[in-house]
Amino acid sequence: MDNKARSLKMDIDTVLNNYDYDFSKVEITSLGNGHINNTYKLTTPDFEFVLQQINHDIFPKTVELSCNAQKINLHLLAQKNSGNYPLRVPSQVLSKTGETCIKIGANYWRLMEFISGSYTLDEVESVQQAALVATAFAQFSCALSDFPANDIAVIIEDFHDISFRMNQLKEAVENNHQDRLAGCQALVKFCFDQQSFIEHVVNISKKLPLHVTHNDTKINNLLFTTGDKPCAVIDLDTCMPGLLMHDFGDMVRTCCSNLAEDDTSTDKMILKLDIFEALIQNYQNAFGDKMTALEKESLIVGAKLLPFIIGTRFLTDHLNGDNYFQVSRENHNLDRAISQVQLFTLVCEAEPELVKLAQ
Ligand code: ADP
Ligand code: GN1
Ligand code: MG
């Protein structure tokens, strides 16, 4: 064990002392490939848990975040008990003193139920699977449709506000702290040239109703079980009042490209239209008449917006020196930005086709 691993093990042991379970024999492995938190699987002879160190630089409202998750879980469980929510609701384990998250030194941790036998996917492999994914995320939002939005804290202000994100990009360009602007000037210009799209997003957003949305509906925030069936929506960190088009758009972003978010062979990127059709048809069906006509129309705006907004966020982080998203290679955020902007371009080009597939 190197020093880093030893220090992590000591931290985890201290964290686990706060819970009423026997962790004397525990195996710890890393979980998933999220860009923000550090997540571990804990296996004891009797139990499996998820332990997560919440990134408090990105989530300064750390306690509110786990309290939000607790309220949402309780609401979903009530819906499940009334037969209105078919998915599992992984619970947060309360500490000995009844807390949903605990602070050790400067860091915040929480323990959660591990859904046994579950796994995540980074790619949708079939039209049938896409249909199940869309239905699962729609069921999640439908079950939260009567959740009082004012009861949850806004964890990250302006999270999917395109004007705010463009301002952040502008600031990063003006500061050019890392001297990286010359290497991405064309991409920056492309983003600022999308003004008419941005105005369209701003206008339609004002007219859409607020829901409690997930705001990070990438495919690996859905747990699957035997037979590749979705069994639980996870990663509730960004559940906040938002727009359905955001959740739909992030699903499209991560399901409809043939390439991973950070793949550099962008010239080979293809938009999977059959997967898009399955997503939009099943998302709309699962909502039924709970979705307004304008919300239906906005779904394609969301499909363009999410690759664009996340592309600009990756680009901003690249210019700022990779302070936000975890990176594992040089120019990782730039690669992600190039790929997401390419996806945005493909979605825009396919728009007339997408409109037909949505009918
Ligand atoms: P991040 O915010 O870093 O994306 P997530 O909450 O998505 O963290 O968790 C990271 C990974 O841990 C997931 O992709 C999944 O593989 C696994 N995971 C999280 N929660 C559970 C759970 N309740 N049961 C099983 N696996 C889980
Ligand atoms: C981050 O935590 P994770 O990896 O699920 C980010 C999302 C981005 C996503 C891009 C709080 O999600 O907004 O869409 O990376 N989460 C936060 O992969 O910023
Ligand atoms: Mg995640």
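The values are calculated or read from the model by the stated rules, or taken from the named source; none is laboratory data. Note that this is a predicted model, so its numbers are computed, not measured. Cβ coordinates were reconstructed from backbone atoms using ideal geometry, including for glycine residues, and neighbour counts include every protein chain displayed. These accessible areas exclude ligands, DNA and RNA; they are computed on the full protein's heavy atoms, side chains included. Shrake-Rupley method; radii C 1.70, N 1.55, O 1.52, S 1.80 Å.
Odds and ends about this structure:
- Rounded percent of accessible protein surface that carbon and sulfur make up, region 239-351, 1.4 Å probe: 47 percent
- Peptides ranked, highest mean first, by Cβ atoms within 10 Å: ranges 199-205, 61-67, 289-295: 61-67, 199-205, 289-295
- Over region 84-204, the reciprocal of the mean inverse Cα-Cα separation, the Kirkwood hydrodynamic radius, stands at 19.7 Å.
- Relative contact order (%) - criterion: Cα under 8 Å, at least six apart; region: region 127-357: 28 percent
- Relative frequency of Cα-Cα separations exceeding 19 Å in region 3-113, percent: 48 percent
- Rg over Rh, two decimals, the chain (C-alpha only, Kirkwood Rh): 0.96
- Kyte-Doolittle mean at least -1.0, axial Cα span of 18 Å or more - DSSP H helices of the chain: 3-16, 62-81, 127-143, 162-175, 195-207, 273-287, 293-320, 332-349
- Listed residues 215, 333, 167, most fluctuating in the chain (Gaussian network, C-alpha, under 10 Å): 167
- Expressed as a whole percent, the accessible surface of region 3-113 that belongs to carbon and sulfur atoms is 49, based on a 1.4 Å probe.
- For region 127-357, the solvent-accessible area with a 1.4 angstrom probe is 40 square angstrom per residue.
- Judged by the mean number of other Cβ atoms found within 10 Å, the most tightly packed of the peptides 239-250, 12-23 leads the ranking 239-250, 12-23.
- Where region 3-113 is the region considered: accessible area per residue in Å², 1.4 Å probe: 53 Å²
- Over region 69-124, relative contact order from alpha-carbon pairs under 8 Å, at least 6 apart, %: 25 percent
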